[in-house]
Amino acid sequence: MTEKTLTYADLQITTDDIYEQMGYHGAQPDEATQRETQIIIDDVRVWLRPKFSFLVLRDMPSFDMGKIILRQLQGSEAYALFIATAGVEYEAYLQRLKDQGDMVRAFIADALGSVIAEKCADQMEQNLQGCIDKLHWHHTNRFSPGYCGWHVSQQQLLFPLFQGHTCDVRLTESSLMLPIKSVSGIIGLGKKVRRLDYTCGLCNFKQCYKRKRH
């Protein structure tokens, strides 16, 4: 089991990352939005402590992931399960903005929270790769419950495998993660697997947030 707490600086987030998540897709927002975005960044970077946790198993857990993900995991010699989160502090921060009725900043912070969770997962991947380099292994893309035919209810099978080391992320009865700005899933490991730069062609889920970027 590997667990790590990061800082905002560790995530290497750019304003373009945030604007992309906000829906600008390569364009720049107006100056007022840029100022508000910078205010959020300057606030968050002081106290943010995102976290990730991962564990490596030799055998595939008994997940019902569907054909799309199983095909991408073929050839794996082991499997990494992961959880990454913006953290409970960020969840509370988002709620405060909403309670204050500041919907502009709440919108920006919501977008930033999604970026934080994904960038935290990116850092997890880098850390994981460092652990398997000595084996000359590679890793696949990360796959999460709720996407590519893997039902979100499978979170109920994934989380117990961490034996409590879930970075303070918990599940609701409907398998929603709290804090919401969290990601979890599985990654294939081995000499014969690889990470693809673009995977939206694998999946027919039209509402996927990643699909909107392409």
The condition of being over 25 Å from G23 (Cα atoms), under 20 Å from the mean Cα position of the chain (by Cα), in a helix (DSSP H, G or I) and modelled with pLDDT of 95 or more holds, among E118, E125, only for E125
Looking at region 17-37 only, could you name the residues that are within 19 Å of A86 (Cβ to Cβ) and either open to solvent by 70 Å² or more (accessible area, probe 1.4 Å) or of a type in the set (S, T, Y) (or both)?
Y19, T37
Hits in region 167-186 (condition: open to solvent by less than 20 Å² (accessible area, probe 1.4 Å), in a loop (DSSP other than H, G, I, E, B) and not small (G, A, S)):
C167, V169, P179
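Does region 50-89 hold any residues that are open to solvent by 40 Å² or more (accessible area, probe 1.4 Å), touching a Ser or Thr at 6+ places or on another chain (Cβ under 6 Å) and modelled with pLDDT of 95 or more, and which are they?
Correct list: K51 only.
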Flagged in region 131-149 as open to solvent by less than 50 Å² (accessible area, probe 1.4 Å) and over 16 Å from S182 (Cβ atoms), in numbering order, are I132, W137, H139, T140, N141, C148
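The values are calculated or read from the model by the stated rules, or taken from the named source; none is laboratory data. Predicted, not measured: the structure shown is a model, and the values here were computed from it. Don't worry about glycine lacking a Cβ; one is built from the backbone with ideal geometry, like all the others, and counts go over all protein chains shown. Calculation scope for accessible area: heavy atoms of the full protein, side chains included, ligands and nucleic acids excluded. Shrake-Rupley method; radii C 1.70, N 1.55, O 1.52, S 1.80 Å.
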